[in-house]
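Step one of this worksheet: look at the structure below.
What follows is calculated from the coordinates using simple rules that are stated; it is not laboratory data. All of these numbers come straight from a predicted model, not from anything done at the bench. Here the Cβ is made from the backbone with ideal geometry for all residues, glycine too, and neighbour counts use every protein chain on show.
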């Protein structure tokens, strides 16, 4: 049953990222239809994250109380309504409102899904399971790109939005019928199910010391750095391919497929490698922190080189490896913070993901402003935004490597020593 649950979550993650990424594929048609500038489109991409982080924390905490199955059902139905609402959007303010509300109902998904998987998979298998889950996001954002681009070209961007809403509705109906909440009948997962009872008893005095440790703080910062790349890719990669590398919309769609598939394979391979390390040494620092930090720095170096190349083929190759390496934090980060307080995994993942995704408020808007300020030379604007993202990944990835020590048990008395060390 665990693989069926993973399959459902994989598909919903696909829908989740398709919902947020469709705005990137529709950038140019929307700008032409509503008469928007690059800066305004940056604001549209940014507004999705205005309440995303708050909703992620609140939704993660709420899922600990009412259960992931019910929360996921409510969210999928909300996505349906909001994507259908695109049929009535004919102004900039309505577009902003629709994207803000979609961000509210999509914000909690990652934390809830990872918390659910933690019930079904033991620690030594979670890295691979979460990498499969996250690949649903990559596939949602990129592998369906040709379909979305075709819908936009043939029927307009509003129909493309509505089609994604229909998919959410179908998922919700099947999930209510087949989805399972609790793996209690599977003996191998009893270890994962045990923390459920203490979760109801955890108090703020137990949670606060963990949130103030260097491990939690620098894991959040590392997650933020790669979330900057994620939001850049989601909001602006299609436009980058068309305006900078001079691809046609159809070529952009297929290039996105290549980036998506290649990065998924690389990310899954790194996750399997990390799982094998963990199985041998049972050390989160060696198997999770070291692997993730090195991958972040390598991804940043690739992004720096992207600002110097002219070839469209090389741009696709570089983005494939940068994403595959950088997105490792999305697999390892939740495992690291959940290991600090397993009985509140929904809340811990929610805070991590919520904080990290505040990057979505900044990066898409800044990129739009930089591109618009570059006037006819849009490449310069995109290059500056890539340098910003790469710099964040190098600096915060290095600090994460130095200070994140999840194997060290934390007590209230040790908190003062650890925080002063930073």
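A few notes on this one:
- Here the label points at residue 269 and residue 339, each 7 Å from Cα along the C-beta direction, are separated by 2.4 nm in the simple model.
- Binning the C-alpha pair distances of the range 63-137 at 10 Å intervals from 0 yields a P(r) profile of 17, 39, 27, 14, 3 %, listed from the shortest bin outward.
- Computed [θ] at 222 nm, helices only, for the chain once each DSSP H run of length n ≥ 4 contributes -39500 (n - 2.57): -26000 deg cm²/dmol
- Share of alpha-carbon pairs per 5 Å distance bin for the range 210-255, given as whole %: 5, 20, 17, 13, 11, 9, 8, 7, 7, 3
- Length gained on full extension, residue 391 to residue 70, computed as 0.36 nm times the residue gap minus the Cα-Cα distance: 111.6 nm.
- Stretch gain in nm, segment residue 1-residue 178, where the contour uses 0.36 nm per residue and the Cα spacing is subtracted: 62.7 nm
- Estimated D of the range 58-98 in µm² per second, where Rh is the Kirkwood radius over Cα pairs and Stokes-Einstein applies at 4 °C, 1.567 mPa s: 110 µm²/s
- What the Cα convex hull of the range 94-179 gives, in volume per residue, is 113 Å³.
- Once both labels are positioned 7 Å from their Cα atoms along Cα-to-Cβ, the gap between residue 312 and residue 94 label points is 3.5 nm.
- For the range 336-386, the Cα-based Rg and Dmax, in that order, read 17.3, 54 Å.
- Peptides 251-260, 150-159, ordered by how many other C-beta atoms sit within 10 Å of their residues on average, highest first, read 251-260, 150-159.
- In nm, spacing of pseudo-spin labels at residue 305 and residue 155 (7 Å Cα→C-beta vector): 4.1 nm
- Pairs of C-alpha atoms in the range 37-187 farther apart than 27 Å represent 27 percent of all such pairs.
- Relative contact order (%) - criterion: Cα under 8 Å, at least six apart; region: the chain: 28 percent
- The chain - Rg (one decimal) and Dmax (whole number), Cα, Å: 20.5, 63
- Counted residue by residue at 0.36 nm each, then reduced by the alpha carbon distance between them, the extension gain from residue 285 to residue 248 reaches 8.9 nm.
- The orientation-averaged projected area of the convex hull spanned by the Cα atoms of the range 22-94 comes to 5.5 nm².
- With Cα atoms as the point set, the range 263-422 shows a radius of gyration and Dmax of 17.9, 58 Å.
- Computed over the range 1-123, the percent of Cα pairs more than 25 Å apart is 29.
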